[in-house]
Amino acid sequence: TSIDEAEFNQGNVNDPAQLLQGKVPGLTVSNRGGNPNAGSTIRLRGLSTVGANTEPLVVIDGVIGASLDNVDPSDIESVNVLKDGSAAAIYGTRGSSGVILVTTKSGTQVARGAEGANVEVSYNGYVSAATVANDQPVMTPTEYIEAGGNDLGGRTDWQDLVTRTGVSNVHNLSVSGGTGQTNYRVSTNLRDVQGILEDSGFNQINARANIGHNAFNNRLNLNLTASTTKRDRQNSFEEALRYAVLYNPTAPVRFDNGEFFQAILFDNFNPVAIIDQNVN
């Protein structure tokens, strides 16, 4: 199956695998829980082995075993997905779970015989927001007290306090062009992604350069690909979501002296304190 840029999924896409979601028969792409740092789980034709690698082999611009984390979705020109025997025939046992071939964008050469050079500067960006669609159903403070619960004097929606509207900013800038013998494309991509759990998300800068040159009357073709990715992650604490469902809805967030309220009970922790008092 071959998918090009015009067929990719559009919108808030921060993982290259999401470009293919629902596009290729037999390819399943999922991100359970929506953690922006977790990445997508990719399965091609189900599970082909037990206890070994179950992810498809990724090949980026001919580099075998590359990581999709090191290519920005906006730099991808096309993706070819190999299934069945064709993958194993080319890549051996490494392709037993399928192969994903990624081709990144490059510059365009000037037609032979034409003079000068063409240069194109491109920018695209967007802002997106993610929010919780449905909270877990739990007792309100009134229902909790009427059921015989201990009234601690507060009225707290713990799920609301540990979640947020995650606002993400994405900016992509590229310069491409070429002459009769050389083509090039240089791009820089900035991503500031917030998760819906407080203190979750990442800041990422990615840069990529593709340069091609034909020499000796097109008898020698030289290609250079260079890329770098730097990602600073805030992993937060998913345990806060668990205790936001379990914690007493009448408990205050803090004592009168400003310290976090903590009940001296087994396996019972203030969800807001878990996030605010730890760094991950």
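Quick notes on this one:
- When each of 183, 218, 223 is tested for being surrounded by 16 or more Cβ atoms within 10 Å (Cβ to Cβ), modelled with pLDDT under 95, over 28 Å from residue 127 (Cβ atoms) and polar (S, T, N, Q), the lone residue that passes is 183.
- Remark: residue 49 falls outside the filter, which requires a residue to be assigned to a loop (DSSP other than H, G, I, E, B), at pLDDT below 80 and surrounded by 12 or more Cβ atoms within 10 Å (Cβ to Cβ).
- When the stretch 131-176 is filtered for residues that are of a type in the set (A, V, I, L, M) and either open to solvent by less than 70 Å² (accessible area, probe 1.4 Å) or not in a helix (DSSP H, G or I) (or both), the ones remaining, listed by number, are 132, 133, 138, 139, 145, 147, 152, 162, 167, 170, 173, 175.
- The condition of being modelled with pLDDT under 90, of a type outside the set (Lys, Arg) and not in a loop (DSSP other than H, G, I, E, B) holds for only one of 91, 123, that being 91.
- Scanning the stretch 84-100 for residues that are under 25 Å from residue 210 (Cβ atoms), among the hydrophobic types (A, V, I, L, M, F, W, C) and either in contact with an Asp or Glu (Cβ under 7 Å, 6 or more places away or on another chain) or open to solvent by 20 Å² or more (accessible area, probe 1.4 Å) (or both) gives a single hit, 90.
- Here the stretch 1-42 is the region considered, the condition is being hydrophobic (A, V, I, L, M, F, W, C) and over 22 Å from residue 233 (Cβ atoms), and the residue that is surrounded by the fewest Cβ atoms within 10 Å (Cβ to Cβ) is 6.
- Residue 200 being open to solvent by 60 Å² or more (accessible area, probe 1.4 Å) and among the small types (Gly, Ala, Ser): no
- Among the conditions (1) farther than 19 Å from residue 130 by Cβ; (2) surrounded by 15 or more Cβ atoms within 10 Å (Cβ to Cβ); (3) at pLDDT below 90, the only one that residue 81 does not satisfy is (3).
- Single residue of 273, 209, 263 found to be within 19 Å of residue 68 (Cα to Cα) and surrounded by fewer than 21 Cβ atoms within 10 Å (Cβ to Cβ): 209
- Number of residues in the stretch 226-255 that are surrounded by 12 or more Cβ atoms within 10 Å (Cβ to Cβ), of a type in the set (Gly, Ala, Ser) and either in contact with a Phe, Trp or Tyr (Cβ under 9 Å, 6 or more places away or on another chain) or free of Cβ contacts under 8 Å to residues at least 24 places away in the same chain (or both) equals 3.
- Pairs with Cβ under 8 Å, 6+ apart, first in the stretch 18-41 and on the phi > 0 side of the Ramachandran plot, second modelled with pLDDT of 85 or more and acidic (Asp, Glu): 33/238; 39/15; 39/69
- Condition met for residue 216 (of a type outside the set (Val, Ile, Thr) and in contact with a helix residue (DSSP H, G or I) (Cβ under 6 Å, 6 or more places away or on another chain)): no
- The set of residues from the stretch 181-203 being assigned to a strand (DSSP E or B) and on the phi > 0 side of the Ramachandran plot comprises just one member, 201.
- Taking the conditions (1) in contact with a strand residue (DSSP E or B) (Cβ under 6 Å, 6 or more places away or on another chain); (2) closer than 23 Å to residue 206 by Cα in turn, residue 254 satisfies each one other than (2).
- Filter pass, residue 267 being assigned to a loop (DSSP other than H, G, I, E, B), at positive phi and free of Cβ contacts under 8 Å to residues at least 24 places away in the same chain: yes
The values are calculated or read from the model by the stated rules, or taken from the named source; none is laboratory data. Keep in mind the model is a prediction, meaning the values are calculated, not measured. Reconstructed Cβ throughout: ideal geometry from the backbone, glycine too, with neighbour counts over all protein chains shown. For the accessible areas, the whole protein counts, side chains as well, though only heavy atoms, and no ligand, DNA or RNA atoms are used. Shrake-Rupley method; radii C 1.70, N 1.55, O 1.52, S 1.80 Å.
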